[in-house]
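See structure below.
What follows draws every value from the coordinates through simple rules; no lab data is involved. As the structure is a computational prediction, the values presented were derived from the model and not from experiment. We place every Cβ from the backbone using ideal geometry, glycine too, and count neighbours over all the protein chains shown.
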Amino acid sequence: MPIGFFTSPACAGHDMGEEHPECAARLDAIHDQLLSSGMDFVLRQFDAPAATRAQLELVHTPDYVASIFARAPKEGYERLDPDTCMSPGSLDAALHAAGAVISAVDRVVAGEVPAAFCAVRPPGHHAERDKAMGFCLFNNIAIGAAYARERYGLERVAIVDFDVHHGNGTEDFVKGRQGYLLCSSFQSPFYPFSGTGELPENVLNTPLEAGAGGAELRDVVNDTWLPALDEFRPQMLFVSAGFDGHREDDMAQLRFVEDDYRWVTERIKEVADRHADGRIVSALEGGYALSALGRSVVAHLKGLIGG
């Protein structure tokens, strides 16, 4: 059965200014690589709906959600932090990015697709309950995980994050919250300079030093993530799929290659097959070297398909 591929034309409407690395060309690069690799023929494609305010408020405070709606500009830019701003298309893009993950949850739980990848922007894992930052407005993956628990009564959901940056927003939501497990690798010390302090038992951060590559990633997955995930026995897995740790991406200094992303995805799929009837929902986070991003997403999709 083909896996689901969720996206929306609205996601191209988010613009943070000329030369900003988080740009619509990222989705074009993914689409082009899907075509050139033939992967578009083995995916079931869905046009994502917009999330509702009530769905956003599963993770974000009502005041914060209201502030994003209120600050959405009719023209020009509205700056939310030094790295993050909104253009006239940003709110619609962010609603469809979160909506893609929610729709993917519905389709996967219904058995229409065994797993799903959401090619969306803006990304989400830096967005805290009441704060936008790091290119992120709403925390797409956290919203999807919370929705899965609230809508379908799942008792245990796990989130895996292999973006080069620490997903402080996801940690902000998950930490100490029953029914969630977060496993995260990231370069450290590096933006947003978090994730290395004392943590509750349901957050497993495995920071990597600059220059680390696939061998180091595989060690933390084998030694830390997999035992914890098997003990937790998640009923559904969520992936913050950031590809900015690729050695061609000058955003950071990790040295991953496409095969590393396929390998870690295959390990996640094996956990899902053991405990969650194969149910995985993944969403795009970082990845700014366009050719490497497209190739890495294809590798990730091959890992989700398996076989």
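For this structure, a couple of remarks:
- Neighbour-count order for SER188, SER282, SER291, fewest beta carbons within 10 angstrom listed first: SER291, SER188, SER282
- Each of ASP277, ASP161 has some number of other Cβ atoms within 10 Å of its Cβ, and from fewest to most they run ASP277, ASP161.
- DSSP-defined antiparallel bridges as percent of all bridges, the chain, nearest 5: 10
- Sorting MET1, MET86 by the number of Cβ atoms found within 10 Å of their own Cβ, with the fewest placed first, yields MET1, MET86.
- Kyte-Doolittle at least -1.0, axis length at least 27 Å by Cα - qualifying DSSP helices, the chain: 90-109
- Label point distance in nm, ASP223-SER36, each placed 7 Å from Cα along Cα→Cβ: 3.7
- Helical content alone sets the calculated 222 nm signal of the chain at -11500 deg cm²/dmol, taking -39,500 (n - 2.57) per DSSP H segment of four or more residues and averaging over every residue.
- Convex hull volume of the chain per residue (C-alpha atoms, cubic angstrom): 113
- The slack between ARG274 and GLU75, meaning 0.36 nm per residue of separation minus the straight C-alpha distance, is 66.7 nm.
- Straight-distance candidates among the lysines for linking to LYS269, with alpha-carbon spacing under 27 Å and chain neighbours fewer than 8 residues away dropped: LYS175, LYS302.
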